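The values are calculated or read from the model by the stated rules, or taken from the named source; none is laboratory data. Only a predicted model underlies this, so the values are computations on that prediction, with no experimental measurement involved. Every residue, glycine among them, receives a Cβ derived from its backbone with ideal geometry; neighbour counts consider all protein chains shown. For the accessible areas, the whole protein counts, side chains as well, though only heavy atoms, and no ligand, DNA or RNA atoms are used. Shrake-Rupley method; radii C 1.70, N 1.55, O 1.52, S 1.80 Å.
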Amino acid sequence: MSQDRIVTLIALVVLLTGCTQPVELTNSPSAPALVQATDTAVPETPTQIIPTTTQTPTPVSLCSPLVDITLEQLPDFVSNPFSPFLIADARDSGHPGTDFAYYTHPVTGKAMLASEIYAILPGRVASISAGMAPFGNLIMIETALEILPADIIALFDQYPQPTPSVPETHLNCPAPVTTAPGWQYDQPSVYVLYAHMDQPADFSIGDPVSCGAAIGLVGNTGRSGNPHLHLEIRYGPGNAVFGQMGHYSNDATIPEMDAYCTWRVSGIFQAIDPMLLIRAMD
């Protein structure tokens, strides 16, 4: 049978059976193939569900301020402990901080002068002073109170050291003490002051500082009798910034004395014994 007659017969079969699918013809001697339709839908690729993870805040820890000396060892190096103000006569009295000193380092055997100082808490730089009495070269770092553990926050509620609201007249404090409109009294912060450093701090106001970051070197500047680290901790309104801070010097300016009085004796920033914090977080 000729090929033309085969094609004609196939077309007739299609018409009689009602097939609506296309017919593929081939010039090969093999029988032509029919492409059959299917009603089965092609399954879609399922959307991959990626579980979301809740971000857990990194717990805030405390770092030792002295190189190669642990928090547990710090009490052994206290040379001048915290002592409260004499509130009765409203003086700039007492020692509202803790001094750390050693003659030779227990590990390296080196003298303390020019050894590294580390930030004990993360935060931002709130003050820098260069060579002013009584603190000498200092850096102050602010840490938001709310990021600290609840039991540490309780320390600042339970053990504040009240400071006089009306300083004794021998202090050359501007009256009233200046406060800035940007201070956040409803969001208090912890401020840590590191004083008597060997060189001015190589930072700018507002710079972020991580816990354990090197912030300076132990010195003997300001009203200091020997190389040591003076560590002073207070809490008060957040977002405070202090300029050069100085007093007890004939060349101290009004703004410098204002900054000192605001920090030291205004009552706005409450002092706490640094060893309370160190013992609670070591």
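A few notes on this one:
- Within region 156-171, restricting attention to residues that are open to solvent by less than 40 Å² (accessible area, probe 1.4 Å) and at pLDDT 65 or above, the residue that is farthest from residue 121 (Cα to Cα) is 171.
- Failed condition for residue 267, given (1) buried (at least 21 other Cβ atoms within 10 Å of the Cβ); (2) at positive phi: (1)
- Residue list for region 104-114, filter: open to solvent by 40 Å² or more (accessible area, probe 1.4 Å) and of a type in the set (A, V, I, L, M, F, W, C): 107, 111, 113, 114
To keep it simple, each residue is scored yes or no on (1) among the charged types (D, E, K, R); (2) open to solvent by 30 Å² or more (accessible area, probe 1.4 Å); (3) in contact with a Leu (Cβ under 8 Å, 6 or more places away or on another chain).
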| site | (1), (2), (3) |
| --- | --- |
| 214 | no, yes, no |
| 235 | no, yes, yes |
| 247 | no, no, yes |
| 252 | no, no, no |
| 255 | no, yes, no |
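The rows are residues; the columns are (1) at pLDDT 90 or above; (2) under 24 Å from the mean Cα position of the chain (by Cα); (3) not in a loop (DSSP other than H, G, I, E, B).
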| position | (1), (2), (3) |
| --- | --- |
| 104 | yes, no, no |
| 126 | yes, yes, yes |
| 134 | yes, no, no |
| 140 | yes, yes, yes |
| 154 | no, yes, yes |
| 173 | no, no, no |
| 185 | no, yes, yes |
| 188 | yes, yes, yes |
| 194 | yes, yes, yes |
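- In region 92-101, the count of residues that are over 20 Å from residue 223 (Cα atoms) and either at pLDDT below 95 or in a strand (DSSP E or B) (or both) is zero.
- Counting only strands (runs of 3 or more DSSP E) that sit wholly inside region 197-282, those with at least 2 residues that are at pLDDT below 90 are 270-272.
- Residue list for region 115-147, restricted to those being surrounded by 15 or more Cβ atoms within 10 Å (Cβ to Cβ), of a type in the set (A, V, I, L, M, F, W, C) and either out of contact with any Leu (no Cβ under 8 Å at 6 or more places or on another chain) or farther than 26 Å from residue 280 by Cα (or both): 119, 125, 126, 128, 132, 133, 135, 144, 145, 147
- Scanning region 257-267 for residues that are farther than 11 Å from residue 191 by Cβ and of a type in the set (A, V, I, L, M, F, W, C) yields 257, 259, 261, 265.
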